[in-house]
């Protein structure tokens, strides 16, 4: 267990405690910060933005952020190549961490994994937070193909104000940054190889998410269209929708105060 500091090509984890676990032979890196009831946060496809919002949550919770297998500092595993595999991996990790009942939040890809986890083990999740989650197939509001977006257009898909996204990208060529992000994008592509929109069966099982669930979305999200929020709300038994004005996909990075919605919801 070590205290993390930032490096040039990795997210700023200054002040977080970094721990490593071997889960079925896979090196799994977990960062934590704060004190209080456990809040697990599952990240999206790119970890380059860091997790500054967790510093807000840390005043009220022990925030636990594991890197997915094949993402960030966690190792690779050929056997983990579906969202179901990630869910089973997290079941084992949370068992190792002694997490019997906790709050669970996930952003984008992490929201998909969080929903699939909570469907399978709802008794472990006190409250669920889904931030612009992937995974749900919504024919009326499909997400753009990840590889159909021209690189120069990506910032405008990530944020309503592209400058809010551009500050997370290096100003000069950075092969280490490119390699890290490329690995993570490839990892996501593997998970959607059968259906680029997600899991066609996910909507059949959202009725199992009977715990209170916050659906938090940027009102101008182009990468994960905001209209998808209504499909989630229609299926969740106890859903609570919060749209963040003038905000794109990177909800917490573009509008840091959006993190307060999570604090308020979990305190309810």
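Just so it is clear, none of the values below were taken in a lab; they were calculated from the coordinates. All values derive from a computational prediction rather than experimental measurement. Please note: Cβ atoms are built from the backbone with ideal geometry, for glycine as well, and neighbour counts cover all protein chains shown.
Which of 167, 210, 126 ends up with the largest GNM mean-square fluctuation for the chain, with Cα atoms connected below 10 Å? Fluctuation is largest for 167. If R0 is taken as 25 Å, the Cβ-Cβ distance between residue 234 and residue 121 corresponds to a FRET efficiency of 0.60.
Computed per residue of the chain from DSSP H runs no shorter than four, each worth -39500 (n - 2.57), the mean residue ellipticity at 222 nm is -8500 deg cm²/dmol. Between 231, 163, 150, the GNM of the chain built on Cα springs shorter than 10 angstrom shows 150 fluctuating the most.
Considering only DSSP beta bridges whose two residues both sit in the chain, what percent are antiparallel, to the nearest 5?
On the way: 14 of 37 bridges.
Taking every DSSP beta bridge within the chain, about 40 percent pair in antiparallel fashion.
For the chain, modelled as a GNM whose springs connect Cα atoms under 10 angstrom apart, the maximal fluctuation among 247, 28, 186 occurs at 186.
Over the stretch 1-146, Cα pairs under 8 Å with separation of 6+ residues give a relative contact order of 20 percent. Would you mind classifying the stretch 1-157 by shape? Square roots of the alpha carbon gyration tensor eigenvalues, ordered a ≥ b ≥ c; an a/c under 1.5 is rounded, otherwise it is prolate if a/b is larger than b/c and oblate if not. Rounded shape, in that the Cα axes give a/c under 1.5.
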